[in-house]
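The structure appears right after this line, and notes come after that.
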Amino acid sequence: MADNTTPLPRRRQLRERTRKLYTDDFTYGDEEIEGKRTFQLDEKIECERYDLKNFSGLFREMTGPELNLAYVQKHGLNIPLLFRDSSGLGLRVPSSNFSINDVRTCVGSKRILEVMDVDTQKNEEMSMKDWQKYYEDPEKERLLNVISLEFSHTKLENYVQSPTIVRRLDWVDTVWPQHLIEAQTESTNVLGDMMYPKVKLYCLMSVKGCYTDFHVDFGGTSVWYHILRGKKVFWLIPPTEKNLDLYQEWVLSGKQSDVFFGDMVDRCGRVSLEAGMTLFIPTGWIHAVYTPADSLVFGGNFLHSFGIEKQLKVAQVEEHTKVPQKYRYPFFTEMLWYVLERYVHVLLGRSHLDVPEAHRQHSWYRLSPPQYHQHLTPFELHGLKSIVMYLHSLPSTKKNVPELIRDPVALIHDVRGLVEQHRHDNPDAAITGHPILPAPPPMSIAEREFLKVPKKQYPKIPKLETKSMPRRRRTRCKKCEACTRQDCGECVYCQDMVKFGGSGRAKQTCITRQCLRPMLPVTAACKLCKLDGWGQQPAPLMGKPISGVPSSLMECSICFDIAHPECLGVELQKVVVSDDVPNSWECPSCLQSGRNLDHRPRQVKARIRKVSVSSAASSAPTTDSERATTPSKRARPEPTETWNDREPAEGDQRTALRTQLAAQLVGSSNKSLKKPHVVVRPVQLPLAQRSEPNSQLPPIYDRTVLLAIFKFLNPKDLATCALVCRTWARYSIDPILWQHMNLTRTHLTAAHLTGIVRRQPASLCLDWTNIAKRQLAWLLGRLSQLRHLSLQGCNWATGVCALKTCTCPPLTSLDLGFVSGLNDSSVREVLSPPPDSRPGLIDKTSRLKHLKILSLAGCNITDVALRYIAQHLPHLENLDLSSCGRVTDAGVAQIATPPAQAINNLVSLNLSDCRLLTETTLEHLTRCKAIKRLDLRHTTQVSTQSVIKFAARSIHSLHVTDVKLVEEKKIKEKPREREVYK
C-alpha cells in the first residue's frame, strides 16, 4: 500500500493496479441463456445435396481383414472407413443387450459425467445415476447427450477392446512410457490425476434427437466408432486448407447456431450408421453427428505416425480458436517429445529417457539398434520434421519438455541425424506390414506390478475390534453380460489357465466374465440373529429362495459385516445404500467411526429469522458509507434452543403456510421443480419507494444527484461509471436511466439479456435481431414494467411466438412489422388467451388486450387477421397495416363495423401500399369518428377526389396531403395531426 510520501506517478500506478472493477456481473448474479438453432436440422438430414452418391472420395467401405498395417503404410489414414460388421477388426464389445444400467454398474452410480445440452451445445455435470433416470424417462423436457465418458480403469474396460490396428498405431501404447501407464489408478478424467492421456476408450450415450455440431476431434486425433445400439448420422467434410480456414472463421464468428457449416463448403457428405457398424474418421476431418434413435456407442481417440502434419495443423487451429485446455488432447506437447525419443531409441539405439534403473531392465526400455536399415514412410519422415519445427516455434513457456527427457537439445540433434539418414528412403520398401514402433507385448500380473510406481501413502484408518461372522464370498448372478459370455482367451487369467492347464495358479476367472452384480449366497446369515435373508435358519443344501423376494440382509462395503438393518435398530432409508451392488451398504458403526472417507456430516439448518418488509429494507445498506455503519447480523441462538423448545413465530407460521401451498400447487404435476443456479435480479427500488429513514449522504453517494448527472450520459459512459464503485454500479443501471433500450441489429447473447432484465426498461426495441423463443420468453417473464416492445424483422417461428405465453406483460405498444412467417393464424395465437397458466393467474383473457398501438406492416396477413384485431383489441388507437398486400375492403369493414370498439377509439390508420383497397374503404371508415390520421399512399384504386370528400365530411377538419408535401414536412417541420396522406 502506498503512503503519502510515495511520488504522485507511483501512487497513481499502484492505484491502477489495485483498483477493483465493479460491474453488473459483480453486483448481481448471471444466468446463461443462449439462442437455439435457426436452421432446420430436418432439412439437412433429408437434403439431397449431402448424399454420398453426389461425391466421390468422402469415404471407403472395407472389410475387417483389409485394414492392416500394410494398408496404412501405403495409403495412410486419410479417408473415413466404413465397416458393415466388426469381423476381422479385432474389436471386442459387449452383446447388443448391454444396457445403460450395465454401464452404470460398471462405472459406478456416483461417477460424474459431462452432459451436453443439445440446444446450447454447452456442458454441465450429472451423476451416472441421474443420467440413467433421464435416459430411461419417456418424457424429456430437453435433449441431453453424453459423448465424453472415458471408462479406462473401470469394470467396463474389461468388455471393450479397440481394433487391432488402433492398438498397433496408438502413440499411448507405442510411445508413452509404460511404467507411467501402469501407475494410473484413477478412473476419472481429472487432468491432475492422469499419468497418461486417457482418451482410448469412450462410451457415448445419446437419446433420440441429439445433435453435435460440426467439430474436429481434439488434437487432430483419429477416432473409431462402433454402434452397439441405435443409429447415427454423420456429416463428413475433408480437412483441406480451405475448409480448415472456413471452419476457423465459422467458430470465431459465433454464428454456429445460425449457419450450418456444411452449407459453407464445396464437399460435405452424409452417411448413416446402423447397429453393428464401425466407422473410422481420420485426422482433421470436420464432422457433425445426429442421433435418429436412442443409441449406445463405443469408441476411442488415438494419435499416430501417419497423420502428424494434420495433427499439428489441428493443434494450431485449436490455439487460434482459443479452445479451453480441458477440451484439448491431454499432454499433447509432451507426447510429441516422447515420439521423437522413441524413434531415436528404436532406430539409433540411444535412449534419452531418465527412468529408474529397475524399470530400465524391462524389455520395453531395452532396445538395441536394428540389424538392417529400416525404411520410413513419407508420412513418418515428413512428420518427424514437422514435429521439430512445431516444437521450435513454441515459446519457451509452452515447450513442456517431460521430466523424463534429460537432455532435449541432444534429442533434437539425434532427430536431425535420423532424418538425414532416412531422407532417401524408398516408400515402397517401407511397406512391410511391421511397425517401426513396436507395441508392448502382453504383460503378466507380475510384470505389471513390477512396472508400477509407488502410490501415495495415505494415513491408514484404524480397524475396529468387532466380533463378526466370517465374510461370505459373493456368488455370480448368472444374468448380467459378464456371466452370460464366453472366456475372452486373451487376458492374463485366460493365458495362465492355458499355461498351467487349469490347475494350480489358475484360480482367477476371466476378466471379461467377472460378474457385474454379484449376489450374497443363500447361506449367508445375520451376525446378530443368525437368520438368513428370508428369516429362516440357513441350510447348506437349501434351494433357491422364493422367486421375486429379495434377501433382506445387508453387507457393509467397509467392514464386510452381514446383518439385518432391523437387528441393528436402524432404518434402511437413513443409511448409505449402494446402487451398484445388491445388498450392500455402509453400516452405522463405520459411519460413526469415520471409516468412510466420503462421509460428510449433515449441517444443521439455521433458524429462520422473522424479518418484516420494512425492517429488511431499512437494514439493507445502500451505499458504502451506510454499509460501514450497519450493525452486524444477529447472533445464532444457543444450541439448547430447538424448534420443539419454542413456540412458532409469525414468520415461521407464514413459512409453513407457504410450503403447504406450494405442495398443493405442484401436487398434481409430474414435473420436477428446478431451482436456477444463479438468479438475475433487477436493480433495487429507488429510495423514495423504500421505507428507509432519510440520511445525510455526501454528494458522491447521493442518488438524486448522481441520477441527475447520469441521465445526460450515453451507455458507453455509464458503463465506465459502473467501474468506479459498487454504489455507482447500482445507480448506473437504475430503470430511470433506461426507460428506452434500443438493441436493433444486435446479436443477442446472455450478457445482453441479463443487462436488459437488470435495467427494467419500459420500452424495448429488438428490431432485426436473432431473438429466440426461449430468450424472448425468459425476458417477458422478468420485465413486468415493459409497455412498449418492437420486434421488427424477427422470425415468428423461432422467436416472436413466445408472445402467446401467460407471462407476457400488459403491453400498450407492439411493433411486429416485417416479421417473417407471421400470418393470420399467428395473429390469432398472439391475441387469443394464453394456452398456458401459472399460479395466481386469475385473468384468463388475452395478455395483449391493453394494446393501443399495433404495427403489422409488411406481414402476410389477410382480412381474417383484422377480424381477430377487432375482436380482441378494444383499446386500439393506432394501427399500421402498410404493405399488407392481401388486405381488402372487407378487412377494413370488420374494423369499422359494430361491435368493434375501433369505431370510437381508432385515431391513426396506415393503409399505404395496400393495393387491393378501393374507394369502398373510405365509406367504411366514415363510421370511425375519432380518426385523425389516415395514410392511403400508393393505393392506386382510391382516387384523390374521393379522399378529399372523405376529409371534408370528417368532424376533425382533415387535410389531404400529397406525397411530395409529406416528404417536405419530414424535413422542415413536424406533420400536423389531422391529415390524410394521398
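Every number in this text was worked out from the coordinates using simple rules, so none of it is lab data. Just so it is clear, the model here is predicted, and its values are computed rather than measured. Neighbour counts run over all protein chains shown; Cβ positions are idealised from the backbone, glycine included.
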### Query
Once phi is turned into ³J(HN,Hα) by the Karplus curve 6.51 cos²θ - 1.76 cosθ + 1.60 with θ = phi - 60°, what whole-Hz value does each residue of the range 930-942 show in order, with x for glycine and proline?
8, 5, 10, 9, 9, 10, 10, 5, 6, 9, 5, 8, 10
### Which of S187, S368 has the fewest Cβ neighbours within 10 Å, and the rest in rising order
S368, S187
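Within 10 Å, count the other beta carbons around each residue, average over each peptide in 934-946, 298-310, and list them highest first.
Numbers: 934-946: 17.2, 298-310: 23.5.
Put in order of decreasing packing, that is 298-310, 934-946.
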### Summary
For the R366, E319 Cβ pair and Förster radius 35 Å, calculated FRET efficiency rounded to 0.05 is 0.40
### Message
If I model a spin label at Q871 and H424 as a point 7 Å from the Cα along the Cα→Cβ vector, what separation in nanometres do I get?
### Response
9.1 nm
### Per-residue HN-Hα couplings for the range 343-351 [Karplus 6.51, -1.76, 1.60; θ = phi - 60°; Hz; x = Gly/Pro]
5, 5, 5, 6, 8, 10, x, 10, 9
### Potential lengthening between H75 and N97 on full extension [0.36 nm per residue; Cα-Cα distance subtracted]
4.2 nm
### Task
Could you list the residues of the range 758-797 with an amide nitrogen less than 15 Å from a label point located 7 Å from the Cα of D836 in the Cα-to-C-beta direction?
772-783
### Query
Under 5 Å between amide H atoms, partner at least 5 residues away or on a different chain: which partners does V115 have, H built in plane at 1.01 Å?
E124, E125, M126
### Distant-in-sequence amide H partners of A293 (H built 1.01 Å from N, under 5 Å)
G209, K231
### Task
Describe numerically, in nm with one decimal, the distance between label points set 7 Å from Cα along Cα→Cβ at T704 and at R350.
8.5 nm
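How long is the gain from K849 to T926 if the chain were fully straight, where each residue apart is worth 0.36 nm and the alpha carbon distance is subtracted? Working shown, then result.
Working: separation 77, 0.36 × 77 = 27.72 nm, distance 2.48 nm.
Residue separation times 0.36 nm, minus the Cα-Cα distance, leaves 25.2 nm.
Give me K232, K53 ranked fewest to most by other Cβ atoms within 10 Å of their Cβ, as a rough exposure proxy. Please list the in-between numbers first.
Values: K232 23, K53 7.
Fewest to most other Cβ atoms nearby, the residues stand as K53, K232.
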